[in-house]
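The numbers here are math on the coordinates, done by the rules we state, and not lab data. Small disclaimer: the values here were computed from a predicted structure and weren't measured. When we count neighbours, we look across all protein chains shown, and the Cβ atoms used for this are built from the backbone with ideal geometry, even at glycine.
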Amino acid sequence: MALFDAVLELADDHLVLGHRLSEWCGHAPMLEEDLAMPNMALDLIGTARTLYDHAGRLEGAGRDEDALAYTRGEREYRNLLLVERPNGDFAHTMLRQLYFAAFMEPYWQAALSSSDSVIAGVAGKAVKEMAYHIRHAGEWVIRLGDGTEESARRMQAAVDALHPYAEELFEAGAETGVLPSREAVRPAWEASIARIFDEAGLRAPSVAYPQTGGRQGLHGEALGPMLAEMQALHRAHPGATW
Amino acid sequence: MVAAARAWEAASAVPDPEVPCVTVADLGILRSVEIEGGVAVARVTPTYSGCPATLAIELAIEAALRDAGFEARIERVLSPAWTTDWITPEGRDKLRAYGIAPPEGPAGKAALFSVPEVTCPRCGSRDTTRISEFGSTACKAQYQCRACAEPFDYFKCL
Ligand SMILES: [Zn+2]
């Protein structure tokens with residue numbers, strides 16, 4: 001079941017971050033971003049769907065993508081704490097996106113050669129989508145960090161707030177044999193972030209106490225309300241077809 | 001005509017629901033159609049992870065095969081991943097004639113702050129400017145031609 005758990009963790013990361021991004025729909029600071037964020041949310045939710053479907057088959061207990069997404073409670077979700085963080089201001093959202101994409105792009109790159117054909121297939125699509133997400137979020141982080149006094153203040157505040165959640169990206173799970181090592185992604189992630197922070201004039205704070213626990217189902221208070229909203233319709237009409 | 005060729009003909013004529021000037025074969029989404037145990041099996045590769053048109057495309061291909069008298073099944077093939085490199089030369093011509101600039105250059109990673117140079121599908125000028133990274137669908141960006149002033153969609157390179 002190690003592989004089921006690992007695929008479920010990945011699926012949860014993508015669904016939760018995709019849902020968070022979709023919350024911006026209709027509220028973005030400009031029309032182009034109002035299109036960009038739901039489009040990126042679609043990438044993430046599309047990836048989550050394939051991963052949930054795969055996890056359901058690995059488990060073999062008859063749970064499909066909807067059962068896994070809509071009928072598990074907060075303690076059963078295994079996503080990173082980073083992706084459940086509330087949107088905050090636009091700077092927080094872009095930094096959260098950058099941290100995640102800068103990890104996933106090299107991760108999927110390593111997964112391209114996986115012996116699990118579903119994982120390799122997902123990786124083939126996602127590696128290109130994550131490259132775009134890095135570019136989109138990276139450009140905003142640089143623009144805001146290297147922008148006005150106010151935008152630089154807010155961008156640095158986002159870094160200070162979210163940096164403690166970065167370490168969890170590298171937390172090792174059980175050995176699956178078909179998924180890449182998360183620790184092996186660290187140099188690529190650190191290089192991307194350092195290059196962008198350098199251009200943006202941002203400083204990464206030193207973190208004494210990394211925030212972890214998501215993989216054990218120990219979440220912040222923000223995830224429960226998000227899941228309650230996301231799952232309300234499905235739970236109100238269990239088994240309904242549309 | 002052999003059954004497999006007839007099935008391919010039926011399936012490959014299905015238009016893309018979001019860009020109806022091109023077929024699923026022009027886009028390279030329809031990978032193959034084979035007859036397996038009397039059933040026409042169409043293998044389809046989705047364009048983007050979250051492309052909302054994926055299910056509609058699969059249903060349309062299945063319906064086209066049934067209309068042609070086949071029992072049909074669709075298989076979704078994820079690997080290798082679809083790329084805009086798979087759009088056929090005819091597909092690119094059809095996009096251009098429809099007013100959509102086809103993807104330019106091989107699919108690859110773009111650098112920060114880079115904007116691809118795109119040729120106006122109406123007058124052929126290279127003097128164009130990007131208005132928005134996203135257009136009417138997720139796979140398109142909006143450009144405007146400085147030479148003829150025409151706004152147009154650009155099918156992004158992926
Ligand atoms: Zn023109």
Limited to the stretch B:70-106, what total is found for residues that are of a type in the set (A, V, I, L, M) and closer than 17 Å to B:T128 by Cβ? 3
Please verify whether A:L98 is in contact with a helix residue (DSSP H, G or I) (Cβ under 6 Å, 6 or more places away or on another chain), in a helix (DSSP H, G or I) and buried (at least 20 other Cβ atoms within 10 Å of the Cβ), treating the condition exactly as stated. yes
Taking the stretch B:119-136 and the residues there that are away from the ligand (no atom under 13 Å from the Cβ) and surrounded by fewer than 19 Cβ atoms within 10 Å (Cβ to Cβ), the one that is nearest to the other protein chains (Cβ to nearest Cβ) would be B:S132
Any chance B:G124 is in contact (Cβ under 8 Å) with a residue 40 or more places away in the chain and on the phi > 0 side of the Ramachandran plot: no
Looking at this structure, is A:G62 closer than 22 Å to A:G224 by Cβ, in a loop (DSSP other than H, G, I, E, B) and small (G, A, S)? no
So which residues in the stretch A:164-190 are in a helix (DSSP H, G or I) and among the β-branched types (V, I, T)? A:V185
If you go through A:E33, A:E9, the only one that is within 14 Å of another protein chain (Cβ to nearest Cβ), among the acidic types (D, E) and touching a residue at least 24 places away in the same chain (Cβ under 8 Å) is A:E33
With respect to B:A138, is the statement that it is aliphatic (A, V, I, L, M), within 22 Å of B:P20 (Cα to Cα) and touching a Cys at 6+ places or on another chain (Cβ under 9 Å) true? yes
Exception for A:V127 within (1) out of contact with any Pro (no Cβ under 8 Å at 6 or more places or on another chain); (2) more than 9 Å from chain B (Cβ to nearest Cβ); (3) part of a helix (DSSP H, G or I) falls at (2)
Any idea which of B:P116, B:P89 is more than 13 Å from the ligand (Cβ to nearest atom), away from every other protein chain (no Cβ under 14 Å) and surrounded by fewer than 19 Cβ atoms within 10 Å (Cβ to Cβ)? B:P89
Just give me the residues in the stretch B:92-109 being surrounded by 15 or more Cβ atoms within 10 Å (Cβ to Cβ) and either within 10 Å of another protein chain (Cβ to nearest Cβ) or part of a loop (DSSP other than H, G, I, E, B) (or both), in sequence order. B:P102, B:P103, B:E104, B:A107
Does A:V141 satisfy the condition of being of a type in the set (V, I, T) and more than 14 Å from chain B (Cβ to nearest Cβ)? no
Which one is surrounded by the most Cβ atoms within 10 Å (Cβ to Cβ) among residues in the stretch B:26-42 that are small (G, A, S) and over 17 Å from the mean Cα position of the chain (by Cα)? B:A40
Which residue is nearest to B:P89 (Cα to Cα), if the candidates are limited to the stretch B:142-158 and must be within 16 Å of the ligand (Cβ to nearest atom) and under 21 Å from the mean Cα position of the chain (by Cα)? B:Y154
Here are the criteria: (1) touching an Asp or Glu at 6+ places or on another chain (Cβ under 8 Å); (2) at the interface with another protein chain (Cβ under 9 Å from one of its Cβ atoms). Tell me which single one A:G46 does not satisfy. (1)
